[in-house]
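Undergrad: Have a look at the structure that comes next, please.
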Amino acid sequence: MSGRRTEQHQYYMDFAPLLLYLVAVILRQAKCHSLCTSETVAEVDKLLKNLPKMKLYDCKLYTPTLNDYRNCSKSMLECFVKETTVLSAETKERLKLLRMLKNLRRRLQDRKPPCPVCEFYKEEKAETFLKTLVTILQAMNTMGNCSG
């Protein structure tokens, strides 16, 4: 009986490193699953292409910059979420982009609070707002905050 327990114990000891490795790989992939990958950028690009058809007229949106991202990434993305909500209301369309940005926002942290409120940023046309968002998402990819 003692020999059988020893074999079983050895089996578990041999199996444990493999199991830990698999768990580490799965957790790493979950952490690295990116919402600012090409899919999110493509969603913004799709909006940019459809912008002329949307008849936004003089719609202006508070637009954070890439510099704002470096220190206040969560607050900056919160502003993009709020303003994308405004864009959604103006266009009377449900935007998939809104859900993507909300999910991404949950993963970010502000590095140097206090961060400015959304109304602090300059108001820009919807086209400039979306182009800035693409630039920031691409920067997030290259800075290693997203992979994909």
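Undergrad: Of everything in segment 44-90, what is among the charged types (D, E, K, R), in contact with a strand residue (DSSP E or B) (Cβ under 9 Å, 6 or more places away or on another chain) and buried (at least 19 other Cβ atoms within 10 Å of the Cβ)? Give them in sequence order.
TA: GLU83
Undergrad: Additional query: Residues to consider are THR65, THR37; find the one that is at pLDDT 75 or above and within 28 Å of the chain's Cα centre (by Cα).
TA: Among THR65, THR37, only THR65 is at pLDDT 75 or above and within 28 Å of the chain's Cα centre (by Cα).
Undergrad: Scanning segment 91-131 for residues that are part of a helix (DSSP H, G or I), open to solvent by 30 Å² or more (accessible area, probe 1.4 Å) and touching a residue at least 60 places away in the same chain (Cβ under 8 Å), which turns out farthest from LYS49 (Cα to Cα)?
TA: ASN103
The values are calculated or read from the model by the stated rules, or taken from the named source; none is laboratory data. The shown structure was predicted, so the numbers you read here are calculated from the model rather than taken from an experiment. All Cβ positions, glycine included, derive from the backbone under ideal geometry; neighbour counts span all protein chains shown. Accessible surface areas use protein heavy atoms only, side chains included; no ligands, DNA or RNA. Shrake-Rupley method; radii C 1.70, N 1.55, O 1.52, S 1.80 Å.
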